[in-house]
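A short reminder: the numbers here are calculations on the coordinates, not readings from a lab. Keep in mind it's a predicted model, so treat the numbers as computed, not measured. FYI the Cβ positions are ideal-geometry reconstructions off the backbone, even for glycines, and counts take in every protein chain you see.
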Amino acid sequence: MDYEIPIRQVRVLIADMATPPLIDDQTLQTYLELQGWADGSRWAVKRAAADALEAIAVSEVLVSKKIRTQDLTSDGPAVAEALRKLAGGLRGQADDEDPDLGGVFEIIEPGGGRLEAEEWRVL
């Protein structure tokens, strides 16, 4: 497999290497495009993988639910929560790598008003 192809990189991050895959190539391509891959942003791969994990999580909750039988227990909501945490971790990594998001804050100089403990008097 050629792991330089963005769709395959997304598949590796979401562990979707089975045949047939859980998510088709067209859907993964859409996630990549929505996250800005067209301009070559490498962090878009991680954001697309996060989107894919969240889609799998939603599917898990809708399909599996929480099921208990005599000898089988399936906890779809717990699996979905774990997938959401993984998606959050990937988004955090992407945010750390994205130079447009890194360290964005603004210092606002204090105005020439009164000090915090200074009395306010009406003359």
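The mean sequence separation of alpha-carbon pairs under 8 Å and at least six residues apart, normalised by the residue count of segment 1-94, gives a relative contact order of 25 percent. Electrostatic bookkeeping for residue 22 treats Lys and Arg as +1 and Asp and Glu as -1; over the other residues with beta carbon under 15 Å from its beta carbon, the sum is -4.
If the chain linking residue 38 and residue 71 were pulled fully straight, counting 0.36 nm for each residue of separation and taking away their Cα-Cα distance, it would gain 7.0 nm. Coupling constants for segment 24-34 follow from the phi torsions by the Karplus curve (6.51 cos²θ - 1.76 cosθ + 1.60, θ = phi - 60°), and in residue order they are 6, 4, 5, 5, 5, 4, 5, 4, 4, 5, 5 Hz; glycine and proline get x. For segment 1-58, applying the loop criterion from DSSP together with a ceiling of 13 other beta carbons within 10 Å to the chymotrypsin sites (Phe, Trp or Tyr not before Pro) yields 3.
Length gained on full extension, residue 25 to residue 78, computed as 0.36 nm times the residue gap minus the Cα-Cα distance: 16.4 nm.
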